[in-house]
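One structure is given here, and the rest of the page talks about it.
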């Protein structure tokens with residue numbers, strides 16, 4: 001059994017988070033400091049395929065639109081589940097700030113400050129992605 005598998009069959013979050021941020025060659029991606037998305041990480045994840053990057057970002061932008069609305073409309077376990085989905089997707093594309101906020105919502109789903117924070121970060125990322133395609 002892999003070290004990443006917990007006794008209950010789920011993934012331990014620290015190990016799962018570490019795996020998501022390693023590039024195919026094993027190098028760790030360092031987040032961009034001024035952008036809501038680490039485009040270097042995304043390029044590593046896609047092997048430098050620009051068309052694939054564009055497609056992934058468009059799908060991610062759509063997903064954020066749907067999940068953001070659902071996150072506001074739900075509570076408790078359902079909100080945790082949506083936050084978990086956002087965390088995983090965000091980490092995979094290099095939206096590390098969003099991934100961090102989503103993980104905080106998983107821990108405290110009723111905190112209104114976190115919902116406000118994730119709304120703002122989702123809007124920032126969606127605008128950033130839209131700007132890449134202009």
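The values are calculated or read from the model by the stated rules, or taken from the named source; none is laboratory data. This is a predicted model, so every value here is computed, not measured. Cβ: placed from backbone, ideal geometry, glycine included. Neighbour counts: every protein chain shown.
Data for the structure
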quantity	calculated
Looking only at region 17-31, and only at residues there that are touching a helix residue (DSSP H, G or I) at 6+ places or on another chain (Cβ under 8 Å) and not in a loop (DSSP other than H, G, I, E, B), the one that is modelled with the highest pLDDT	28
Answer from 64, 52 - the residue that is at pLDDT 95 or above and more than 18 Å from residue 119 (Cα to Cα)	52
Positions within region 100-122 being touching a residue at least 24 places away in the same chain (Cβ under 8 Å) and in a helix (DSSP H, G or I), in sequence order	103, 105, 106, 115, 118, 119, 121, 122
Those residues of region 32-53 which are assigned to a helix (DSSP H, G or I) and within 13 Å of residue 92 (Cα to Cα), in sequence order	39, 40, 41, 42, 43, 44, 45, 53
Answer residue from region 74-98, given it is within 14 Å of residue 114 (Cα to Cα) and out of contact with any helix residue (DSSP H, G or I) (no Cβ under 8 Å at 6 or more places or on another chain) and is surrounded by the fewest Cβ atoms within 10 Å (Cβ to Cβ) among those	76
